[in-house]
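Read the structure below first, then the notes.
The values are calculated or read from the model by the stated rules, or taken from the named source; none is laboratory data. Owing to the predicted nature of the structure, the values given are computational and were not obtained by experimental measurement. Using ideal geometry, Cβ is built from the backbone for each residue, glycine included, and neighbour counts are taken over all protein chains shown. For accessibility, only protein heavy atoms count, side chains too; no ligands or nucleic acids. Shrake-Rupley method; radii C 1.70, N 1.55, O 1.52, S 1.80 Å.
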Amino acid sequence: MPSSSSSSHMDNSNNNIPSTPGKFKTERSLYRKWHHVPLAKLTFYTFVFLGLILVFFFKTPSATSSSSSPPSSSYHSSSSSSRDLSRRSLKTSSWGGLPWEKRVRSSARIRSRNGFSVLVTGAAGFVGTHVSVALKRRGDGVLGLDNFNDYYDPSLKRARQSLLERSGIFIVEGDINDDALLKKLFELITFTHVMHLAAQAGVRYAMENPSSYVHSNIAGFVNLLEVCKNANPQPAIVWASSSSVYGLNTKVPFSEKDRTDQPASLYAATKKAGEEIAHTYNHIYGLSLTGLRFFTVYGPWGRPDMAYFFFTRDILKGKAIPVFEGANHGTVARDFTYIDDVVRGCLGALDTAEKSTGSGGKKRGPAQLRVFNLGNTSPVPVSELVGILERLLKVKAKRVVMKLPRNGDVPFTHANISFARREFGYKPTTDLQTGLKKFVRWYVGYYGSGRRSDQ
């Protein structure tokens, strides 16, 4: 293993470049005009131009979300619309030094026979936290990576971080677009697997800050794959796609063989792009890649922007909640999938992932490429979700029925899970009533009356 460096790394300027930089065109007439400008004026304009570039550079938004990315429903907290979209930064927290390297190695140390060493991106996110704990519990080495952005309340992510630390899991605070950081982690640890769960999640927010989705779900994914392809040996990669890729597909239940070329949102489009990018890196570089299409994951430590979460908050506060209906008063339904079932699916995919076949960026043979639905196979109308919450909370909800907004969402989702069942025995066992009961118990224990969950 290469010798460790004790130097501390701050923001790497080469990694602070926006993933989609602007393109500049110079017309010939413009060139002739500038060619005759006096030197003093030319110098002045040059400084002005450079100044504008710097302003653009430092104000470019980015949102490589630390959160795991289950698909979102139309129901999102309205507070996101008031956020300052330029608040995000490409900066990575300081890393490096002997104490830091020691924590990295300790967290990633395998403690069971034939165990894995797994890098979990988005480890402080909802799914990432649960998967990390499950891996650590069975003796795998687990190292987390998360940038703790503020797409939703960062204090919840910090609480999850504390939970992981109690389990002996260290989360490196950094961005998946920081290739220097990723290379350092792969230099320190020979990862057998990568569980890539970091993403910019949510459907509605894509209408407010589209660049964050490209930056995280496309540029960030490519950056991670670039580092993985050059690793020796290459790790096997399991990553979070989304049920949103089915888009406007009307055939139900959704099967992995169905068309996915009609995305209904930018979020869905970036996840579909991820699947095509995975195919490319598998074909050219021999990376073993398994995509998981999550169907509306819910449960304790969940995301505050999801319907079941903020419905619970608002019902307890006596606030009105929106209950959407489809065209012609149609039902809006979701294939709600409990977090424990999804975790078992993630581990099943990880355990059956074959080794990558490349070495040092060169393919040596055909490599495994898969995609699976991880759902519950039992769609439930959102109105029924509200009814269950009313009974569990013993509070009557103030429902406001309204049409499903045209924000890129779809009226229903329904997973066909026969492929995952056949490949690794995936079989969800938690119905919505049981799962919500566990969530409400956690919610009340964590938030009490709900005053702390105003984000």
| request: Among the candidates Thr337, Thr312, Thr270, single out the residue that is among the hydroxyl-bearing types (Ser, Thr, Tyr), over 14 Å from the mean Cα position of the chain (by Cα) and closer than 26 Å to Asn416 by Cα. | output: Thr337
| request: All but one of (1) more than 19 Å from Val371 (Cβ to Cβ); (2) touching a residue at least 60 places away in the same chain (Cβ under 8 Å); (3) in contact with a helix residue (DSSP H, G or I) (Cβ under 7 Å, 6 or more places away or on another chain); (4) open to solvent by 10 Å² or more (accessible area, probe 1.4 Å) hold for Val227, so report the exception by its number. | output: (2)
| the range 180-193, residues that are crowded, with 18+ Cβ neighbours inside 10 Å, closer than 21 Å to Leu350 by Cα and not aromatic (Phe, Trp, Tyr) | Leu182, Leu185, Ile189, Thr192, His193
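Given Ala367, Ala349, which one is modelled with pLDDT of 95 or more and in a loop (DSSP other than H, G, I, E, B)?
Working: Ala349 fails: in a loop (DSSP other than H, G, I, E, B).
Every option except Ala367 fails the conditions.
So which residues in the range 164-183 are without any contact (Cβ under 8 Å) to a residue 60 or more places away in the chain and over 23 Å from Val227 (Cα atoms)? Even if it seems obvious, please write down each step before you answer.
Of all residues in the range 164-183, those without any contact (Cβ under 8 Å) to a residue 60 or more places away in the chain come to 164-167, 171, 182-183.
Leu164, Glu165, Arg166, Ser167, listed by residue number.
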| task | Go through the range 139-164 residue by residue and tally those that are of a type in the set (Gly, Ala, Ser) and under 14 Å from Asp175 (Cβ atoms). | result | 1
| message | Return the residues of the range 299-318 that are in contact with a strand residue (DSSP E or B) (Cβ under 7 Å, 6 or more places away or on another chain) and at negative phi; say none if nothing qualifies. | response | Met306, Tyr308, Phe311, Asp314, Ile315
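Please indicate, with yes or no, whether at least one residue in the range 292-300 is among the hydroxyl-bearing types (Ser, Thr, Tyr) and farther than 23 Å from Asn416 by Cα.
Start the filter on the range 292-300 by keeping residues that are among the hydroxyl-bearing types (Ser, Thr, Tyr), which leaves 296, 298.
Checking which are farther than 23 Å from Asn416 by Cα leaves us with none.
Within the range 292-300, not a single residue is among the hydroxyl-bearing types (Ser, Thr, Tyr) and farther than 23 Å from Asn416 by Cα.
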| Qualifying positions in the range 353-378 - open to solvent by 50 Å² or more (accessible area, probe 1.4 Å) and out of contact with any Pro (no Cβ under 8 Å at 6 or more places or on another chain) | Glu354, Lys362, Lys363, Arg364, Pro366, Leu369, Ser378
| Residue check: is Thr429 over 30 Å from Lys229 (Cα atoms), open to solvent by 30 Å² or more (accessible area, probe 1.4 Å) and modelled with pLDDT of 95 or more? | yes
| task | Please specify each residue of the range 198-214 satisfying the condition of being at pLDDT 95 or above, of a type outside the set (Gly, Ala, Ser) and open to solvent by 10 Å² or more (accessible area, probe 1.4 Å). | result | Pro210, Val214
